[in-house]
Each structure stands twice: as structure tokens, then as C-alpha cells.
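Report on the following structure.
None of the figures in this text is laboratory data; all of them are computed from the coordinates on show. This is a predicted model, so every value here is computed, not measured. Glycine gets a Cβ as well: all are built from the backbone with ideal geometry, and neighbour counts include every protein chain shown.
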Number of protein chains: 2
Amino acid sequence: MAIVTLGPEGTYSHRAARAIAHGDEITFRQSVTAIVEAVSGGECDRGVVPIENSIEGSVTETLDALADHDVAVVREVVTPIRHALLAQGESFDTIASHSQALAQCRPYLEREYPDATLEAVASTAQGVEFAREDPQVAGIGHPANAENGLEVLAEDIQEQDSNATRFFAIAPADQRSDGGGKTTLVVYPNTNYPGLLLELLEPFADRDVNLSRVESRPSGRRLGDYMFHVDVEAGLYESRTQEAIEELEALAEDGWVRRLGSYDTEHVVE
Amino acid sequence: MAIVTLGPEGTYSHRAARAIAHGDEITFRQSVTAIVEAVSGGECDRGVVPIENSIEGSVTETLDALADHDVAVVREVVTPIRHALLAQGESFDTIASHSQALAQCRPYLEREYPDATLEAVASTAQGVEFAREDPQVAGIGHPANAENGLEVLAEDIQEQDSNATRFFAIAPADQRSDGGGKTTLVVYPNTNYPGLLLELLEPFADRDVNLSRVESRPSGRRLGDYMFHVDVEAGLYESRTQEAIEELEALAEDGWVRRLGSYDTEHVVE
């Protein structure tokens, strides 16, 4: 089976891909969109793409690529995040990272680097980029980022172990499954009125189906016009799920509802 | 009045800042977080930050900075987006941009560059970066991006005029206003159970208060633990808004509800 994920080797995505590879070959692409296209085009059997992490939230490129291409979600993989301190050496005076990564590492940073300035930037990746460009700056990220001149000064510097990244394993659309404990849908109502979002959620609440995530993404048609990515804690094989989706389809009759598939979760512990 | 926004000169943010400046001096920072800090720290009277655009969606750095700092939203500014084709010259064979920007410009691109490959990348900014690095690649963006070796090959290449970016004008927290037709809240329920999001939205639906935007952002505490940014189409001065928020506060009793303020909208036409 040909599996494709985000390169280079050693990324969190690569770790997640290994969890479903069972020894099969893993190849790399430089963007999520390229991975989704390789799977929807039949070039690869499986793709592994990051969907959400507990610091930076949803990966919008993944949401948009899944809405744009005909693929199935066949598995969810959750991996722990372990923060490392990365810099060109010990000469830095500023630590730049996402505010939540700084908060998660604060006890370590205040103990070991009490004089450093903590600077909140847009993402952990941006902090690591700054560190790569400037010996005065340290970033926080996966140890695999320590290439092109960065050193790993310390590993596992986070306070809590609750950090995690979710990935989806995707397959060509004809392999969509109805079995599994979770389901992902994309809904485009193509309309807007007071209480719309509430109405879209009610069919699930009425049947005690928990929604573990609701994310809005712009449709690209006009400001304020959204599609919704919805994760449901129930399988497509269940009649309550089917009934809720039928009600949802009636509400979105001017737009559409896409079932990306049902799947189970794999927790990677390493 | 000292106004601060995202530099360099000529960005969409700068245009939005001019709309509220009325001749006052505008200074620049390199990140949204730095702007929010300059305002919450009292260094500047007003900040102008992008909150959402009709292609790429919410600006997550802005959402996180507004949740982390004590500031007030005092005005909303909506500006039209006008796409330009940017490249080092006419020698490109690939046009790289966000899939929705490519879609919005497709009639022009297919007419003028029928042989070019359209490549979907993570953002319009990433496509422009690729164009800056590679003469084979063109990007799509604001004409002000044509610096450091890029030329504007064509302006206003988008099909529809419905493209827009929303900005918030922010002020120190003591200038929070209850007047104005829209209100922004941040809610952190600090709990999760089936139907929670639905329950959080019901106090508004019950009083016919429209929610124009609901965005979830990770709390940073654990995967699946969110805070919600909510835009309400009603002012804080209205009793129906006050009652809905009181009901919301009871639901979020283990967490918190922050009122960022009420404001009116300014449409920039240029």
C-alpha cells in the first residue's frame, strides 16, 4: 500500500503515518493539498494529514482540501506533542512561540532562562523560523525541526501531557466506510438567517449524538457565507446518525451535505 | 490619537486604519500580537487588526490575541479585496494561490494564461512567497505585495466583488462601549458534554438575536477543549442581549464570558 504524508522525515505527520503503515512504504509531499490530490487522483492508497492540534487549532488547509476533493476519511490518529527548545546555541535572549506553547512551557523556561524575554508570535513554526534566522531567538517545536543550523537545547519541556495532534488517514472516495465510532461531515447550507447554526446542530442534539467539533470555513462566495465541518461521536451505520443527517439535508436543501466517512481512533503512544 | 496597525505601508490593514484615522498618525508593527499588546499596554490609543477574510477565514492569531489581552473592540471595518496577478515577469508557467482565490480568478486566468498550471497552496500569501522565490511561479495578492522583485501583471482579476476583509479597531479596555449594532464575546465554558455548543447558542436564538459568526479556538489545555468567539447582531445596551449573556454566564459557570464590546461597521469603498 502506498502511503503519502507531509515531509520531511521525522515530522509529527510521519510519526502518525507510521502508526497506520504496518511496514508499508511512506512517501512525502510538501503540502496537505498535494497529499489530498495524490489520494483523490488514485496515485496513492492512503494519505495522512493533520486536522487539528491542541495549541493552534484546526489546520485550515486540510479542512479546505477535504471540502474540495472527493476522498474518504478512514481513520483518526492522535499523537502526543512533545515540545523541545530549539536555537542556534545558548546565546539567545528571546524565546518566540505561540502564546499557548509559551504558557505550557513557562515553569521550565522561568527556571532555566529567567532573564529571557518571552515573545508571542503567530505559531510555533513562526517562532522556529525566527530562531533559524536570528541567534538571539529560541523557538519551541518538535526536535525534528533542528536542522539547518538549529540545536535541540532541551526536550519535553512542556508542563502538561495533554498536548496532542489529530490526523486523518484518507483513502479514495470509494473506500468510504459506515463503520466506526466517529463520523465527519461537511455541510454547506448556502443560506444564512438568525438561528441557522443552531438549527443545523439540533438534529444531533435531539438524538443525543455528541458533536465533538464544529468548525466554520468561508465558502469563498461572500463574507459571512460558511461551510461547516462537523465531527460526530457516532457511526454512519447507526440509525440515529442516518436520521440526523437526513434532517440536516432537508435544512441544507439549497446547498449540500457530504459524508467523509466513519472511522475509529488510533492513539500513538511514544 | 496614536493608531497602530500591520505594516508595511499599503497593506489592507493600512487601508482599514486610514478609514478610522481621520488624519491621525498611523504607525506599524510586524504582528497582530504586537499591535494588541501596544493597545492593552496603553502605548497606543487604537489598533486595527484583521479578523476574518472571505477566502482564508478567521485570522487565528487575532482571535488568540484578543482572548489573551484586555482590550475593547470599538469598531468594525470592512474593506473590499482586489486581486492582482504578481510575478517576477511574464516567464511563469504555474499560478500558485489559495484554491478559492484561484477559483475566483479562473475566468481571467483561463482566458489570459490557458497553458499555466493552477496550483492550490495553503494561502494567497504563500503563493506570493513562492512567486518571489521562483520566476516560474505567479501568485495572487494585493498590489502592495509587488516589492522585492515582483511586478503587478494585472489588477482586479477576480470574477466577483463579494470578496472582503473584516478588521476590528481596538482600544484600551476602559473604552469598551455598549452602543452599536454588533457585539463580540469570548466564551470559555471549561467543560464539555453532548449538546454543549447547542446550549450555548440557545439563549440568543430564544431572543431572536442572530449570531453572525461562531468560531472555536483551542483553549490550549487539552485536545477538544475550546473557547468560542461569538459575534452577535445586537448591541450590549439591549436588554435581550444582556439577558442572553446572563443565561450564557450561568451555562459557563465553570469558565468565563468576556464582553469585548459593541460597535458599528464602517464600509471602506475604494
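General observations
- Per-residue shielding of A:33-44, expressed as the average number of other chain Cβ atoms within 10 Å of the residue Cβ, stands at 1.
- As a proxy for reagent exposure, B:H14, A:H98 were ordered by neighbouring Cβ count within 10 angstrom, fewest first; the result is B:H14, A:H98.
- Each of the peptides A:15-24, A:47-56 was scored by the mean count of other Cβ atoms within 10 Å over its residues; in descending order, highest first, they stand as A:47-56, A:15-24.
- Within chain A, helix-based [θ] at 222 nm, where runs of 4 or more DSSP H residues each add -39,500 (n - 2.57), nearest 500: -8500 deg cm²/dmol
- Sequence of A:S239, B:S58, A:S97, A:S177 once ranked by neighbouring C-beta atoms within 10 Å, starting from the fewest: A:S239, A:S177, B:S58, A:S97
- Charge dipole (debye, nearest 20) of region A:84-155; +1 at Cβ of Lys and Arg, -1 at Cβ of Asp and Glu: 240 debye
- Averaging the sequence gap over all C-alpha pairs within less than 8 Å and six or more residues apart, then dividing by the number of residues, gives region B:180-270 a relative contact order of 47 percent.
- Exercise: per-residue mean of other protein chain Cβ atoms within 10 Å, B:58-65: 5
- Cα gyration tensor shape for region B:84-154, rounded if a/c is under 1.5, else prolate or oblate: rounded
- Copy-to-copy label separations for B:E155, where each label sits 7 Å from Cα toward Cβ, in nm and ascending: 5.4
- Relative contact order (%) - criterion: Cα under 8 Å, at least six apart; region: chain B: 23 percent
- Footprinting exposure proxy for B:L86, A:L85, A:L236 (fewest neighbouring C-beta atoms within 10 Å first): A:L236, A:L85, B:L86
- Shielding value for B:191-201 is 5, the average number of Cβ atoms from other chains within 10 Å of each residue's Cβ.
- Rounded to 10°, Cα long-axis angle of helix A:99-112 versus longest principal axis of chain A: 30 degrees
- In this Cβ point-charge picture (+1 for Lys and Arg, -1 for Asp and Glu), region B:180-270 has a dipole of about 400 debye about its Cα centre.
- Inter-part distance where region A:1-23 and region A:49-127 are each reduced to a Cα centre, Å: 19 Å
- Relative contact order of region A:1-45: 49 percent, from C-alpha pairs under 8 Å at least 6 residues apart in sequence.
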